[in-house]
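Report on one structure; see the data block that follows.
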There are 4 protein chains.
Amino acid sequence: MTTPFKIGLIGTGRIGQVHAASIAALNETTLQWVADPFIEGAQKVAAQYGAPNVTADALELINSGDVDAIVIASPTPTHVDLISAAIDAGVPALCEKPIDLDIARVDALREKASASSTPIALGFNRRFDPHFAELHRRVQAGQIGKLEQLTIISRDPAEPPIEYVKVSGGIFRDMTIHDFDMARFFVPEIVEVTARGANQFSEEIAAVGDYDSAIVTLRGAGGEFVTITNSRHSSYGYDQRLEAFGSLGMLQATNVGPTTVRLYTEEQVEAQAPYQNFFLERYAAAYQLELAAFIASIREGVPASPGFDDGRAALLLANAAVQSAAEGVSVAVDLNA
Amino acid sequence: MTTPFKIGLIGTGRIGQVHAASIAALNETTLQWVADPFIEGAQKVAAQYGAPNVTADALELINSGDVDAIVIASPTPTHVDLISAAIDAGVPALCEKPIDLDIARVDALREKASASSTPIALGFNRRFDPHFAELHRRVQAGQIGKLEQLTIISRDPAEPPIEYVKVSGGIFRDMTIHDFDMARFFVPEIVEVTARGANQFSEEIAAVGDYDSAIVTLRGAGGEFVTITNSRHSSYGYDQRLEAFGSLGMLQATNVGPTTVRLYTEEQVEAQAPYQNFFLERYAAAYQLELAAFIASIREGVPASPGFDDGRAALLLANAAVQSAAEGVSVAVDLNA
Amino acid sequence: MTTPFKIGLIGTGRIGQVHAASIAALNETTLQWVADPFIEGAQKVAAQYGAPNVTADALELINSGDVDAIVIASPTPTHVDLISAAIDAGVPALCEKPIDLDIARVDALREKASASSTPIALGFNRRFDPHFAELHRRVQAGQIGKLEQLTIISRDPAEPPIEYVKVSGGIFRDMTIHDFDMARFFVPEIVEVTARGANQFSEEIAAVGDYDSAIVTLRGAGGEFVTITNSRHSSYGYDQRLEAFGSLGMLQATNVGPTTVRLYTEEQVEAQAPYQNFFLERYAAAYQLELAAFIASIREGVPASPGFDDGRAALLLANAAVQSAAEGVSVAVDLNA
Amino acid sequence: MTTPFKIGLIGTGRIGQVHAASIAALNETTLQWVADPFIEGAQKVAAQYGAPNVTADALELINSGDVDAIVIASPTPTHVDLISAAIDAGVPALCEKPIDLDIARVDALREKASASSTPIALGFNRRFDPHFAELHRRVQAGQIGKLEQLTIISRDPAEPPIEYVKVSGGIFRDMTIHDFDMARFFVPEIVEVTARGANQFSEEIAAVGDYDSAIVTLRGAGGEFVTITNSRHSSYGYDQRLEAFGSLGMLQATNVGPTTVRLYTEEQVEAQAPYQNFFLERYAAAYQLELAAFIASIREGVPASPGFDDGRAALLLANAAVQSAAEGVSVAVDLNA
C-alpha cells in the first residue's frame, strides 16, 4: 500500500464539502489542510474528516510544503490566482470549473500553465460519471463506427438562487459549460457554435437578463453535430442523458433512478420513482472517480485530463454561445488559437 | 389470387364474433354460413359481414356442401358432436377449446379423429400471438441452447361471471388450459403435474368450489420445468408474459401496452398506460393468424396444429392439476397413453 | 351501416399503393376509380382491390361524378393543378405532401383554397400515428403543464435514391418537412427557424448539393423551443421519437419494435430486434387513421386537418431552414402573412 | 460523533472478507479483532484493515472483553457453538446463514437464544438490498393492497465447486434458503411447502445426489402464494428478481446492470451489458446496510432482525422442501412449533 497523498482543500462551501468527502473516502488520499476565509467552515470540515491543519489563508496552505496536491473549490474569481500560486509552488491542483468568467484573465494564465509541468486538472466531473464514461469508452472502441451526432439533454431539477444567477455569467457559463465540456469529451475540435436562449418560466431570471432555457448546436471539425438541450428546471428530477449516433449504430445513457422498483396499478404501469434530485447524488461516484484520476495522473506523471486548456475551451464555447444567442448568427470558433 | 375459402361459423357469442371478424378481415376467407340456435344472433353476424346463409341448425351448415371449412365457437358440450359431424362430412374444422370437459367423451372421439384425414384444429390462439410465436421460433432456433425453465405468468383482468365459473370446469380447465397448451408448445411431453390452488379474493368463487388463484409446476420428459402463475384478476390489465430460460440465455416476452408513450412527473417517471384489458384486444392478431394457419394447413394438406391430440393433452393436464391441487401430491401423466 | 365513400386514387406508385390498401381496409371507403398515366400501374392496383374504373387521365377521374373524394398520390409537380381541379369539381381531396416545392405556386392557389368549402387535407400522416397522437392528446390535456421544449428525433433507415434527392428540393423539403409539421402539431405558431446542415456520410448526396444530416431549432410564439435531429441513415432501423417537456413533466414516445421479445445472453441483456425498417410498416396505422379522419371531416362538414395552410406552413419553414443553413443566421418567419 | 463499535470478525474466507470491508467502510464500526484457525488469513485481513488483534481461537476473541459485537463468518458447523459462546459472553453476534444444517442442533440452542437478551442477527443480507427493501416498504405501505402472490426468480451465475455441494446440505439449504427468507420477509407465516427438483445440466451435481434446478411453491397463513424459481447457472449474470402481486397492483424489482448504457445496431437494439456476475457486486450495498442495521439494533436495544428464529424458520422450510421434492407431496409446516 502506497502512502496516501496529503490533500489541501481550498473552499468549504457545498462543492468543497463534496470534495472533502471524496478525499476521505478514497484510500489513496488524506485530508491534510483545509483553507477558507470563513474559518468556522474550514474548522468544521477539518474536524469532520480529521484534517490536522486549518487556515483562513489559501496561500499558507499552498506553500505549507505539507500538501501533495490541492483541490480548489473557492469562488470563481479566486481560481486564476490560486492556480498560479499552485504552479509557482509546484503543487498539482484540481480546480473547479470555470477557470474564470473573463477569457482575458484565463488567457493571461495560459502560457504559464502550458509551460509548467505541474498538473492542473479542471473539475469537469461528468467525464467520470460511470455511465457517460462507459458510453465514451464504447464510442472510442468503435462500437458505433464514425460518430456523427451527439445529443445531450441536460436539465437541472430547479433554478439556482437568483443571487447566484446574477454573478454566474449566465446559463451558458454556469450550466451549459458542463455540456460544452461533455461535447468536447467526444468531439474535442469544435469549430462552430449556434445557440438560442429563451425565458420560458422564470420572470425573475428574465429580470436579471439571463435565459432559463437554451438550445445549442455545435459543429465539429469532422462534421459532427452536437446538440445541447438545457432547462433550469425539471419536475421529475435531474435529467441527464446522452446519445451518441454513428455510422454503425447508437449508444444511449439514460437517467439513473434510485432503485429498479416499478409499480403497476390500474392507473399506470412500469412507473418508477423520480430521478435523483441533486447533482451530489447523481454525480457522487463521478466526484470520487475524478479525484482518483487526478491522483493517478500525478503518480504516473502524465498531464491531467481534463486540464487547463479544456477549461479554457469550455469558456470559449460559452462566450460564443452568448454571442450567437444575442445576435442570431452561427459563430465560428478556433479553440487552438 | 386464389378463390377464398367459404367458411361456416357455428356459434355467434363473444368468441364467435371474434372469429367472424377474422374471417372477414382475412383475404383468403369469406363468411358463407352462420349457425346459431339463437337465430337472431346468427342473422346479425351474417348481416354485418355479408354472409348469405343463416341457420339455427349447425348440422345443416356442416352438411350444406357449401362450406370449405368450419369454425366451431358454440358452447363446449356441443364440440364433440360437431367435430364428429365435421369428420363425417369431410369438412375441416377449427374448434374452440376445450374439446369437452369430460375426458371420456374426448377419448371416445379420439380414434375417429386420428383415423380421419380431415384437419381438426384446436383454438389455442396464443400459440399464434406474434410475441409468443417469435419467442418460440427463437427457442427452436437454439438462441438459448437447451430449454430448462419456462415461466408463464397469466392473469386475467377480472374474474368471469359466476354463472360461467359454475359450469366452466374450474380454473384449471377454463383458464389454465391455455397455459397448459402454451407449456406444450415448448415442451410437448409433459410427464408430471404439481398444482396448488387458493381463494385469495373472491368469496363468490370460493362458494361455488373453485379457486381464484393457482400455481402449477410441470415437468417435461427432458427434465424441463414449466411454472404457471394464474390469478383471475389483475388491476393493471391483462398480464400475459413468458420467459424461456436455457443453457445459453433467456428469452422474454413482456406485456403489450396501447402505445409507447411514457409520462414523467414529480410523482413518478417512465409511467405507461395500463395494459390492454381484454383478450380480444391483446390477442386480436393471434386470432387472425390462427385462422390463416388453419387455412394454410388445409391448402398444404398437412395436419392442423395445434390439433385434436393437443386439445386432449391440455385437458389431461387440467385433470391432473385438479387432482394434484386437491390431494397435495405430484401427479404423473402419460399424454400418449 | 352508412354507404361507403367512393374514393378515386390518383397515382399508383409506392405511396399510392399504401393509400389503396388503406381505402380497401377501411369499412367506410371503397376504391372506385384509379388514375395513372402509367396505365398498367393503375390497372394492377384496380384489379388488386376490385376498383371498377381505370384511367390514364386524372381529370377524367376528378370530373367523373362518380367519386365522393380523391386521394392525390401523384408526383409533387402535379399537386397544385389537381387540388385546383378538385376544388373546381367540389370533390374533397387528401393530397400527399408537399403541395409544391415552389412557394409561389402554393401561394397562387392559396386564396382559391381558402375561399372554397371543399375539404382539402394534407398527407402529414404522422399526426395520426397512435403513439404521437396519444402524446399530443396528453399535452393538450395539460399533463405536462405549459409546453416548453419539444424534441423530435427523426432518422430514416437509409438514404433515398440519388435521383430522388436531385429533384426532391433537398433534405429540409423532402424529409424535415414531416418534422416541421409535427412541430406545428404542437406549436402552430413558429416564429423563428435556425438550421444547420452537414455532409456526414454520403459523398453522393454532397455531390448533388444536399445535406445528409441536419439540426433545426424552432422558436414558437409562446417562447417554446422545438429541436429536430435528422439523419438520412440509421443502422438500427427507422428512428422516430418525440419528447414533450413542460412545466409539470415530460411525455415521451419511443420507437416501435416488431415484438416485445428480449434476449439475454452472456454477451448482452434485454436486447430487442431492430426497429421497423420502413415508413410503410412504422406508419401503417397512421395512414389508415389519416384516411378515416379525412372521411370524418367530410361527413361532419368540418375543415380537414391538417389542411392546405398546414402544407404551406411546412414549406415556409423548410424554405427558412434552407436559408438559415446556407447563411448561418436565424430566420424570422410569419406563417400567417 | 459516537464512538465506533469495536467488531470482532470470525472467519476470513470469501464472505469474511466481505464483512471486513463493510466494517471498514462503515463510520460507526472499526475492526478490532480477527480470528481464523488459518492464522495467515486472519493476519492478512487484519493488516489490510488495520485491526490490532489477531487470533487462531475464536473463543479468545469472543471473551476478550475488547469487542462490542462479533460477525461470525466461519464454516457452518461452528455457528451453533460460537453463537452460544457469544450469548454466554453477552456479545451481540451477526451470524452468517445457515445456523446449522441439523435442525436438532438449532433447536437445542433455541431456548437459550430466546431467553437471552443478547442480540443475535442472521446474515440474510438480501432483506437489506436497496431494491428489495424498497419493494418491501411499498408493500407494507399498502401500494398493492393485499399481497396475493410473490414471485422470486433467483439464479446463480454458475454452480459452486462440487466440494462445496457435497457438504452444503443441497440446493434447498445452501441456495434456496436465501429465497425462503425472502419469502418470509413478505409472508412470515408459511404453512405449506411444495418443491420439485431437477438435474438439468450438471452430471457432476447429479452424481453427488443434489439438484441443479428447483421450483418451490409456498403457501402463507393468509392464503398467499410464493413461487421460487432456482437454477445454479445463468449465462447472463446473477438473475435476482422479485414481483409482488396484490389486489391493487404489482411491484417489481428487476436486475441491476453495471450502467444505463444501451447499444443500438443493425443486429439488435436497447442491448445492455450482462448483469453483475457475483453476489459480492450485486449485494455489496446489502452487506453494508445489514451491518448498519445490526449495529442500530444494538444501539437502540431492539431485537435484531432477521434473528435466530428467522434462521431456524428458513432451515425448517428447506427441510420441508427436501422432503417434498423427494416424496412428491406438499408438506405442511408449523414454524412456531
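The values are calculated or read from the model by the stated rules, or taken from the named source; none is laboratory data. From a predicted model like this one, the values you see are computed outputs, not experimental measurements. All Cβ positions, glycine included, derive from the backbone under ideal geometry; neighbour counts span all protein chains shown. Keep in mind that these areas ignore ligands, DNA and RNA; they rest on the heavy atoms of the full protein, side chains included. Shrake-Rupley method; radii C 1.70, N 1.55, O 1.52, S 1.80 Å.
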Output for region D:54-72, where each listed residue is in contact (Cβ under 8 Å) with a residue 40 or more places away in the chain and not β-branched (Val, Ile, Thr): D:Ala58, D:Leu61, D:Ser64, D:Asp66, D:Asp68, D:Ala69
Helices (runs of 4 or more DSSP H) contained in region C:1-95 and holding at least 1 residues out of contact with any Leu (no Cβ under 9 Å at 6 or more places or on another chain) and open to solvent by less than 20 Å² (accessible area, probe 1.4 Å): C:39-49, C:79-89
Selection count, region C:19-43, where residues are more than 19 Å from C:Ala85 (Cβ to Cβ) and either in contact with a strand residue (DSSP E or B) (Cβ under 9 Å, 6 or more places away or on another chain) or modelled with pLDDT under 95 (or both): 15
Unique match (being modelled with pLDDT of 95 or more, open to solvent by 10 Å² or more (accessible area, probe 1.4 Å) and of a type in the set (Phe, Trp, Tyr)) among B:Phe124, B:Phe180, B:Phe128, B:Phe172: B:Phe128
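Scan D:Ile152, D:Ile120 and give me the residue that is closer than 24 Å to B:Ile215 by Cβ and not hydroxyl-bearing (Ser, Thr, Tyr).
D:Ile152
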Criterion (of a type outside the set (S, T, N, Q), farther than 29 Å from D:Ser114 by Cα and outside the structural domain of D:Asp174 (by TED's automatic domain parsing)) met by exactly one of D:Ala69, D:Ala47, D:Ala86, D:Ala35: D:Ala47
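Yes/no matrix, rows are residues, columns are (1) among the aliphatic types (A, V, I, L, M); (2) assigned to a loop (DSSP other than H, G, I, E, B); (3) within 17 Å of C:Pro77 (Cα to Cα); (4) away from chain B (no Cβ under 14 Å):
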| site | (1), (2), (3), (4) |
| --- | --- |
| C:Pro98 | no, yes, yes, yes |
| C:Lys112 | no, no, no, yes |
| C:His131 | no, no, no, no |
| C:Gln149 | no, no, no, no |
| C:Pro157 | no, yes, no, yes |
| C:Pro160 | no, yes, no, yes |
| C:Phe180 | no, no, no, yes |
| C:Val191 | yes, no, no, yes |
| C:Thr194 | no, no, no, yes |
Criterion (of a type in the set (Lys, Arg) and surrounded by fewer than 19 Cβ atoms within 10 Å (Cβ to Cβ)) met by exactly one of D:Arg262, D:Arg299: D:Arg299
Residue match in region C:250-259 (condition: more than 14 Å from chain D (Cβ to nearest Cβ) and under 17 Å from the mean Cα position of the chain (by Cα)): no
Count of residues meeting criterion [touching a residue at least 40 places away in the same chain (Cβ under 8 Å) and more than 19 Å from D:Val167 (Cα to Cα)] in region D:73-90: 2
Residue check, B:Pro303 of a type outside the set (A, V, I, L, M, F, W, C) and assigned by TED's automatic domain parsing to the domain that holds B:Val191: no
Residues of region A:1-41 that turn out to be farther than 23 Å from A:Ile298 by Cα, of a type in the set (A, V, I, L, M, F, W, C) and under 23 Å from the mean Cα position of the chain (by Cα), as a count: 0
Pair list, Cβ under 7 Å, 6 or more apart: region A:134-156 residue in contact (Cβ under 8 Å) with a residue 24 or more places away in the chain and of a type in the set (S, T, N, Q), other residue open to solvent by less than 10 Å² (accessible area, probe 1.4 Å) and not in a strand (DSSP E or B): A:Ser154/A:Asp179
Listing of strands (runs of 3 or more DSSP E) fully contained in region D:223-337 that carry 2 or more residues being touching a Pro at 6+ places or on another chain (Cβ under 9 Å) and among the aromatic types (Phe, Trp, Tyr): none
Residue, nearest to the other protein chains (Cβ to nearest Cβ), within region C:200-222, restricted to residues that are open to solvent by 20 Å² or more (accessible area, probe 1.4 Å) and of a type outside the set (A, V, I, L, M, F, W, C): C:Arg219
Hits in region B:244-259 (condition: under 20 Å from B:Met182 (Cα atoms) and open to solvent by 10 Å² or more (accessible area, probe 1.4 Å)): B:Gln252, B:Thr254, B:Asn255, B:Val256
Residue count, region C:89-124 (criterion: touching a Lys or Arg at 6+ places or on another chain (Cβ under 7 Å), within 19 Å of C:Met182 (Cα to Cα) and of a type outside the set (Phe, Trp, Tyr)): 5
Residues of region A:137-169 classified as open to solvent by 30 Å² or more (accessible area, probe 1.4 Å) and under 17 Å from A:Val226 (Cβ atoms), total: 2
Verdict on C:Val331 being closer than 26 Å to C:Leu122 by Cα, within 14 Å of another protein chain (Cβ to nearest Cβ) and touching a Ser or Thr at 6+ places or on another chain (Cβ under 9 Å): yes
Residue satisfying all of: in region C:268-282; open to solvent by 10 Å² or more (accessible area, probe 1.4 Å) and within 7 Å of another protein chain (Cβ to nearest Cβ); farthest from D:Gln272 (Cα to Cα) among these: C:Tyr275
Failed item, numbered, when D:Gln240 is tested on (1) over 18 Å from the mean Cα position of the chain (by Cα); (2) at pLDDT 95 or above: (1)
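Just to verify a result, which residue in region C:162-178, among those that are among the aliphatic types (A, V, I, L, M) and in contact (Cβ under 8 Å) with a residue 24 or more places away in the chain, is nearest to the other protein chains (Cβ to nearest Cβ)?
C:Ile171
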Residue within region B:259-277 that is of a type outside the set (S, T, N, Q), in the same structural domain as B:Pro188 (by TED's automatic domain parsing) and under 30 Å from B:Arg196 (Cα atoms) present: yes
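Could you grab me the full set of residues in region A:1-13 that are modelled with pLDDT of 90 or more and farther than 18 Å from A:Glu60 by Cβ?
Hits for region A:1-13 are A:Phe5, A:Gly13.
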